[in-house]
Structures are given as C-alpha cells and as structure tokens.
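J.: First the structure, which I've put down as structure tokens, then a few questions once you've had a look.
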Amino acid sequence: MNLKRIIPFYIITTVLFFSGCAARVEGALHRDGSADLALEASLQPRMEALVRGLSALIGDPQARQADQPLLDAAEITKSLSSAPGISSVYLQNLGLASIAGTIQISRVDQFLLLPNTQTGVRFITYTPAQGSVEGRLTIELNRTTGPQVLALFSENVRAYLSALMAPVATGENLNKSQYLDNVTSIYTKPVADEIAAARINMVLTFPGAITAVRGGTFSGNQAQFEIPLTDFLVLNPPLRYEVSWK
C-alpha cells in the first residue's frame, strides 16, 4: 500500500489531509498566480500505529519494518514533482512519521487540475487583482470534486481511506458524528478522538490587502485558517474557502 502519496495529497490541496495528523502550512500567493508553500506534518501516535497495522493487513512490506518511515520524503517528492501545476518540491524526513519541506506551484489555477475540467468542475478558482477588480481565490470541495481529486491518486490511497471509512472514499452520506461513531466501533474511541481533534493550521499571504475571508480570519494581507480534518473526510456539508484582496 502506497501510504506515502496520501500525505501530500491532503496537505497541498490546502484543504485535504488524512486523519490523525498534525499539520502546519505557510504559503504565499504571488501576483503572477504562482505560489510557494512550506509545510510540516506528522502522524499522531495512535494513527501511526493504526497506519502500520492497516498497511500490514493490506500487504505493504515496508509496514513490517519498524525502522522505515511511514512518510517517505523522497517518494513523496517523486510523486508530487509530476503533478499538474507544481514546479518544484523539496521534502525531508524529520522522523519516521513526520515530514517538512517546501513546494513551488507554477500556476495555482492549474494546481492538481481535476479531470473533465471542460465541464467547468474545478476545486480551485483564481482571479488576479486588476485595476478596480479584486483578486479572488476560492477552494471548494464537495461530493463531486472531492472524489475527483481523490481519483488523481493511486488505488492504494482510496483503499486506505476506505479502510478508515472516510466518506470521501466510500461515498457514504454521513455527517461527522456518524463517521466518528463508525470509527469508534471499529478502531476504538481514542482513535476517533484523535481524528476529531486533528487540525490543519494555515497562514497564507496574498499579493494585496485582504478585504474578505470565508472560513477563516485575516489581518492585512495574511489569512489564517484552522481546519478540522474530519471536515475533509466527510464533506458534509461541502467545504468552501474564499479570500478576496485588492
């Protein structure tokens, strides 16, 4: 099972990451539509043990080697380097279950481009600020775009998230409470509590003074977000984050 591809998928889309992981992302969007991200992420202890257990059940030989990283920075770098909209990736291991590094995005509106974009289905939309027209960045994930983003990655990613019973992978129509009840019944309440407590903390800098933020707070040209990871696993209600700037 290729767990190594799960981590960047959830961090870099800025609204997707998998449960039980503590993450911090700092980013800057530039006037030409490019962006830089710096990130650090680590699995929490119970989730690290659960991931190893699930990996062993599915047959990942690396899961049986306790001294091998669950989050392999080199493999993550390799998989991300060919993703749409990404110009460079540098990640390193801080430990067996933690990574940190930087990612440069050449065009934010092409970042992880979804299939069938000719239909207008996108999860990131970007309008640059021009004259009296404010700039706007919108990220939206729902039961259509969420599985489409997931489809960009390997079957192993979907298999892992299905094992965690994440509705984004299974297609079940569950709310967060129902999902966590399911996790409790299979993986125990401490695991469910770890998932429920997990957050992504993000600070994003924009190329002008921010005028409005949906889903977070702002000061000057910086927007701050604290995002519950269960929101991304369930997508009920749909997620929408939006920043406007001059």
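J.: Name every residue in region 163-185 that is without any contact (Cβ under 8 Å) to a residue 24 or more places away in the chain, under 12 Å from Arg143 (Cα atoms) and not small (Gly, Ala, Ser), in order of residue number.
T.: Listed by number, the residues that qualify are Thr170, Glu172.
J.: Then there is this: Please determine, by comparing only the residues of region 227-238 that are among the hydrophobic types (A, V, I, L, M, F, W, C) and at pLDDT below 90, which one is farthest from Leu29 (Cα to Cα).
T.: Here is the first cut: in region 227-238, the ones among the hydrophobic types (A, V, I, L, M, F, W, C) are 227, 229, 232-235.
Filter once more, keeping what is at pLDDT below 90: 227, 229, 232-233.
Details: Ile227: 19, Leu229: 23, Phe232: 23, Leu233: 26 Å.
The qualifying residue farthest from Leu29 (Cα to Cα) is Leu233.
J.: I'd like to verify a number: residues in region 195-225 that are buried (at least 21 other Cβ atoms within 10 Å of the Cβ) and in a helix (DSSP H, G or I), how many?
T.: 1
J.: Going by what's in this entry, would Asn182 be described as surrounded by 13 or more Cβ atoms within 10 Å (Cβ to Cβ), over 20 Å from the mean Cα position of the chain (by Cα) and either assigned to a helix (DSSP H, G or I) or polar (S, T, N, Q) (or both)?
T.: Numbers: surrounded by 13 or more Cβ atoms within 10 Å (Cβ to Cβ): yes; over 20 Å from the mean Cα position of the chain (by Cα): yes; either assigned to a helix (DSSP H, G or I) or polar (S, T, N, Q) (or both): yes.
Taking the combined requirement at face value, the residue satisfies it.
J.: Among the listed residues Gly135, Gly95, identify the single one that is crowded, with 19+ Cβ neighbours inside 10 Å, modelled with pLDDT of 65 or more and not aliphatic (A, V, I, L, M). Please lay out each step first, then the result.
T.: Values: Gly95 fails: crowded, with 19+ Cβ neighbours inside 10 Å.
None of the others qualify; the one that does is Gly135.
J.: Which of the residues belonging to region 209-235 are of a type in the set (Gly, Ala, Ser) and either on the phi < 0 side of the Ramachandran plot or touching a Pro at 6+ places or on another chain (Cβ under 6 Å) (or both)?
T.: The initial filter retains those residues of region 209-235 that are of a type in the set (Gly, Ala, Ser), namely 209, 212, 215-216, 219-220, 223.
Matches in region 209-235: Ala209, Ala212, Gly216, Ser219, Ala223.
J.: Filter region 228-239 down to residues that are in contact with a Leu (Cβ under 8 Å, 6 or more places away or on another chain) and not in a helix (DSSP H, G or I) and give me whichever is farthest from Leu204 (Cα to Cα).
T.: So the first thing to find is which residues in region 228-239 are in contact with a Leu (Cβ under 8 Å, 6 or more places away or on another chain), and the list is 230-236, 238-239.
Now narrow it down to the ones that are not in a helix (DSSP H, G or I): 235-236, 238-239.
Numbers: Leu235: 22, Asn236: 25, Pro238: 21, Leu239: 18 Å.
Selected residue: Asn236.
The values are calculated or read from the model by the stated rules, or taken from the named source; none is laboratory data. Predicted, not measured: the structure shown is a model, and the values here were computed from it. When we count neighbours, we look across all protein chains shown, and the Cβ atoms used for this are built from the backbone with ideal geometry, even at glycine.
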